[in-house]
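*Asks:* Sharing a structure below in structure tokens format, with a few things to ask.
The values are calculated or read from the model by the stated rules, or taken from the named source; none is laboratory data. Remember, it's a predicted structure, so these values are computed and weren't measured experimentally. Counting neighbours? That spans all protein chains shown, and the Cβs are built from the backbone with ideal geometry, glycine included. Calculation scope for accessible area: heavy atoms of the full protein, side chains included, ligands and nucleic acids excluded. Shrake-Rupley method; radii C 1.70, N 1.55, O 1.52, S 1.80 Å.
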Amino acid sequence: MKHFLFIPLFASLVALGQPEISFDSTPNFLKLPEKIYMGEAAGVATTSKGHVVVYTRTGDTYATIGTSRTFSHGGGRLFEFDQNGTFVREIGQGLYGFLVPQSVKVDPQDNVWVVDRGSSLVIKFDQEGRVAMVMGRKPEEIRVGTPAARGAAPGGAPAGRGGAEAPAGRGAGRGPAGGGGAPGAGQPGDLFGQPTDVAWDAAGDIFIADGYRNSRIAKFDKSGHYIKSWGSKGTEPGKFDTPHSIALDAKGDVYVADLGNKRIQVFDGDGNPKKEIANVGTPRAICISPGAHQFLFSSNSNDPTNLDNGEIYKMELDGTVIGKFGKAGKLMKEFGTVNEIDCRSANQLIVGELINWRVQKITLH
């Protein structure tokens, strides 16, 4: 059995005294058609053409009850805008798997991938907007009832479609992921329990953060076949308390935003722990920029119930903090729970906010 040296990395030291990065925000740069509205901007990403894709939470899900199964749909919409913010199209309107948007990514081939926390699905769309791959399976039973009956979500918000516990995922007892065992058991397999994010390595292998109910990272080949997974709920190296965001660097190392443990864990492509980055707050969203000199961005996002913190850190890949910018708030150049960051350009970011229902284009100076 191989043994790996795990080194907690505190290169960033304490957040106090870190330099502020000057930045600007482009207000209202996304232009929606009449009678189409932005909800919680859970996911944002850009294509190679500079188009912006937004996966937004737009309303409560619809459930049909009275048969042997409860069918639910709605609650999420996927919009595409051009590089000037002009609305281009809606992708997957009314799709079976759109329940509670969690994130969206664009792969090197410009395919659009959405991660839906409510349906426990990861869905790939080709450039024409057709469904090209479905990973996971939507649960056959979904808890329907009052918030009290459904229980409370992480952070104290009522369970249901807002920032929280979504339909029961695998928790009702079917499927390996989050099902047969306790939540956070890290059960392996190709089913998910409220996943949070997706990323790829240079070979096209797929890494999925199976976050809210299963606390693991799952690895698949480019055809969607399960390879392995690692992690379960805990505080030790290699364990997680809600792996909320995931990114890979050019070497194939896997960076995981370990939300509840207030750290970023770094692994090799086989899941062996390499280092830990701490003292950058609560990492809700992370992103690694492309290019010869890569940077790591991490949002110390405020909880949806308050306006504390909210800044975004820019770091070297070893965790050394270059600077930070922004704070929690309602105004432009302030952030309201940044749930996803796109950093295709290291000096121009796109951020999606939950409580402010908007997307900001950030230019760093």
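*Asks:* Determine which single condition Val280 fails, assuming it passes every other condition in (1) part of a loop (DSSP other than H, G, I, E, B); (2) under 28 Å from Ile206 (Cβ atoms); (3) open to solvent by 20 Å² or more (accessible area, probe 1.4 Å).
*Replies:* Val280 satisfies all of (1) part of a loop (DSSP other than H, G, I, E, B); (2) under 28 Å from Ile206 (Cβ atoms); (3) open to solvent by 20 Å² or more (accessible area, probe 1.4 Å) except (3).
*Asks:* Tally up the residues in the stretch 87-105 that are open to solvent by 20 Å² or more (accessible area, probe 1.4 Å) and closer than 17 Å to Ile288 by Cα, please.
*Replies:* Residues meeting the conditions: 1.
*Asks:* Identify all residues within the stretch 351-362 that are open to solvent by less than 10 Å² (accessible area, probe 1.4 Å) and in a strand (DSSP E or B); write none if there are none. Please lay out each step first, then the result.
*Replies:* Let us first name the residues in the stretch 351-362 that are open to solvent by less than 10 Å² (accessible area, probe 1.4 Å), namely 351-354, 360, 362.
Within the stretch 351-362, Val351, Gly352, Glu353, Gln360, Ile362 qualify.
*Asks:* Being among the hydroxyl-bearing types (Ser, Thr, Tyr), touching a helix residue (DSSP H, G or I) at 6+ places or on another chain (Cβ under 9 Å) and farther than 25 Å from Trp113 by Cβ is true for just one of Thr320, Thr305, Thr363. Which residue is that? Show your work before the answer.
*Replies:* On the way: Thr320 fails: touching a helix residue (DSSP H, G or I) at 6+ places or on another chain (Cβ under 9 Å); Thr363 fails: touching a helix residue (DSSP H, G or I) at 6+ places or on another chain (Cβ under 9 Å).
Thr305 is the lone residue from the list that is among the hydroxyl-bearing types (Ser, Thr, Tyr), touching a helix residue (DSSP H, G or I) at 6+ places or on another chain (Cβ under 9 Å) and farther than 25 Å from Trp113 by Cβ.
*Asks:* Does the stretch 265-277 contain any residue that is in contact with a Phe, Trp or Tyr (Cβ under 7 Å, 6 or more places away or on another chain), acidic (Asp, Glu) and under 25 Å from Ile217 (Cβ atoms)?
*Replies:* Initially, the stretch 265-277 is screened for residues in contact with a Phe, Trp or Tyr (Cβ under 7 Å, 6 or more places away or on another chain), giving 266, 271-274.
After this cut, where a residue has to be acidic (Asp, Glu) as well, the list is none.
So far as the stretch 265-277 goes, no, none of its residues is in contact with a Phe, Trp or Tyr (Cβ under 7 Å, 6 or more places away or on another chain), acidic (Asp, Glu) and under 25 Å from Ile217 (Cβ atoms).
*Asks:* A further question on this structure: Name the one entry in Asp201, Asp249, Asp205, Asp241 that is over 22 Å from Gln294 (Cβ atoms) and acidic (Asp, Glu).
*Replies:* Values: Asp201 fails: over 22 Å from Gln294 (Cβ atoms); Asp249 fails: over 22 Å from Gln294 (Cβ atoms); Asp205 fails: over 22 Å from Gln294 (Cβ atoms).
Testing whether each residue is over 22 Å from Gln294 (Cβ atoms) and acidic (Asp, Glu) leaves just Asp241.
*Asks:* Now a separate question. If you take the residues in the stretch 187-217 that are surrounded by fewer than 24 Cβ atoms within 10 Å (Cβ to Cβ) and among the acidic types (Asp, Glu), which one is nearest to Gly252 (Cα to Cα)?
*Replies:* Here the answer is Asp201.
*Asks:* Select from the stretch 338-350 the residues that are open to solvent by less than 40 Å² (accessible area, probe 1.4 Å) and in contact with a strand residue (DSSP E or B) (Cβ under 6 Å, 6 or more places away or on another chain) and list them in ascending order. Spell out the reasoning first.
*Replies:* Filtering the stretch 338-350 down to residues open to solvent by less than 40 Å² (accessible area, probe 1.4 Å) leaves 338-343, 346, 349-350.
The answer is Val338, Asn339, Glu340, Ile341, Asp342, Cys343, Leu349, Ile350.
*Asks:* Within the stretch 306-326, track down each residue that is surrounded by fewer than 17 Cβ atoms within 10 Å (Cβ to Cβ) and at pLDDT 95 or above.
*Replies:* Glu316, Asp318, Thr320, Ile322, Gly323
*Asks:* Next question. Inspect the stretch 292-305 for any residue being of a type in the set (D, E, K, R), under 19 Å from the mean Cα position of the chain (by Cα), within 30 Å of Thr86 (Cα to Cα) and open to solvent by 10 Å² or more (accessible area, probe 1.4 Å) and give the result as yes or no.
*Replies:* Scanning the stretch 292-305, I find no residue that is of a type in the set (D, E, K, R), under 19 Å from the mean Cα position of the chain (by Cα), within 30 Å of Thr86 (Cα to Cα) and open to solvent by 10 Å² or more (accessible area, probe 1.4 Å), so the answer is no.
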